[in-house]
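J.: I have a structure I would like to understand better, so I am pasting it below and will then ask my questions one at a time.
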Amino acid sequence: MTNRAGLRAGLALGGLIFCLGFIAPLLVTADPYAIHPAYALQPPSLMFPLGTDELGRNELWLILSGSFATLSVALPAAALAFVTGAAYGLAAGLAPTWLDHMLMRLLDAMLALPSLIVLLFFASLVPLNNISLVVLLGLISWPALARLVRNEALAQRGRDFVLAAEQSGASRFYIARVHLLRVMAPVLVVNGTFMVGDAIFSLSALSFLGLGVQPPQVSWGSLLQSALNIIALDPWWLILPPGLLVFASLLAASLTGQGLLARWGNVR
């Protein structure tokens, strides 16, 4: 697959998942959490295209509801991590040397901690709801981007257009906003794409462990966890759809990011 074809495939797959999460649920008129015990654990059929779960709930409606819950948390979390990482990196890259070193030592300490372990630790302490999950995921995922942006800012500080702006009396905030962000746009867009996939994966992992989206809401991770609780009954129709959606989201982010990376050249 060429880079251009990969980019198109990533954008198409990402658009499909976006529609599945935010447009398709609007078309659902039935209650996705309605229980029908008489139809419990029915495989896919004309009546239930994706089958039913152990409570007789329509798996298709649950998937659509779970898609909305997953994306409505993961996308804002990725945006928060993106803004935090970019702001921290720019602040460090444009700061005096002593402050840059101090900020980088703090960042090194954060990067040394396993992110999933830290995520599980704080998720077990805070009251879990969609807002707290957005904040938690967003404030855990930004350090890698911050280091990248800081290195790019240092590389650009000696460029003529930055030196000219400094000599003309421009503030560092103005330099960052007008000059550096424009130059670093490819780096930011590519890495922001990857951060969306990371946020979806992290939220799915948390939900799988019972620390993500809370009942009565469902998410892709919680649907997987519920299906694996009854794995002895071989409910393959309950495992494949949420698992494939998580995989498809990661694939869409990867294809889009790699396609943009190739399009803009050697972006790091």
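The values are calculated or read from the model by the stated rules, or taken from the named source; none is laboratory data. Note that the structure is a prediction, hence the values are computed from the model and not measured. Ideal geometry is used to build each Cβ from the backbone, glycine not excepted, and the neighbour counts take in all protein chains shown. These area figures cover heavy atoms from the full protein model, side chains too; ligands, DNA and RNA do not enter into them. Shrake-Rupley method; radii C 1.70, N 1.55, O 1.52, S 1.80 Å.
J.: For the chain, which whole-number percentage of the solvent-accessible area (1.4 Å probe, protein heavy atoms only) is attributable to carbon and sulfur atoms?
T.: It is 69 percent, rounded to a whole number.
J.: Let me ask you something else. Quick one: among Gln225, Gln167, Gln217, which has the greatest mean-square fluctuation in a GNM of the chain with alpha-carbon springs under 10 angstrom?
T.: Evaluated over the chain, the most mobile residue of the options is Gln167.
J.: What is the sum of charges, Lys and Arg at +1 and Asp and Glu at -1, for the other residues whose Cβ falls under 10 Å from the Cβ of Gln42?
T.: Net charge around Gln42: -2.
J.: Using 0.36 nm times the number of residues separating Leu209 and Ala248, minus their current alpha carbon distance, what extension gain do you get?
T.: Values: separation 39, 0.36 × 39 = 14.04 nm, distance 2.06 nm.
Value of the extension gain: 12.0 nm.
J.: Then there is this: Which percent of the Cα-Cα distances in the chain go past 35 Å?
T.: Of all Cα-Cα distances in the chain, 28 percent exceed 35 Å.
J.: Counting Lys and Arg as +1 and Asp and Glu as -1, what is the net charge of the other residues whose Cβ lies under 15 Å from the Cβ of Gly259?
T.: Residues close to Gly259 contribute a combined charge of +3.
J.: About the Cα centre of the chain, what is the dipole size in debye to 20, counting +1 per Lys and Arg Cβ and -1 per Asp and Glu Cβ, all else neutral?
T.: So the dipole magnitude of the chain works out to roughly 1000 debye.
J.: Please compute the net charge surrounding Leu233, taking Lys and Arg as +1 and Asp and Glu as -1 over other residues with Cβ under 13 Å from its Cβ.
T.: Taking every Cβ under 13 Å from that of Leu233, the sum is -3.
J.: Which far-off residues, 5 or more places away or on another chain, put their amide H under 5 Å from the one on Thr52, with H placed in the peptide plane?
T.: Those qualifying (amide H under 5 Å, at least 5 residues apart or on another chain) are Leu41, Gln42, Glu59.
J.: Does the stretch 1-155 classify as rounded, prolate or oblate by the C-alpha gyration tensor (a ≥ b ≥ c root eigenvalues; a/c under 1.5 gives rounded; else a/b over b/c gives prolate, otherwise oblate)?
T.: prolate
J.: Continuing with this model, one more query. Given a Förster distance of 51 angstrom, what is the FRET efficiency for Ala38 paired with Arg8, based on the Cβ-Cβ distance and rounded to 0.05?
T.: Working: r = 45 Å, r/R0 = 0.89.
With a Förster radius of 51 Å, E is 0.65.
J.: What number comes out for accessible area per residue over the chain if the probe is 1.4 Å? Units Å², please.
T.: For the chain, the per-residue accessible area is 51 Å².
J.: Okay, next question. Give the angle, between 0 and 90 degrees and rounded to the nearest 10, that separates the Cα long axis of helix 236-263 from the longest principal axis of the Cα atoms of the chain.
T.: The answer is roughly 20 degrees.
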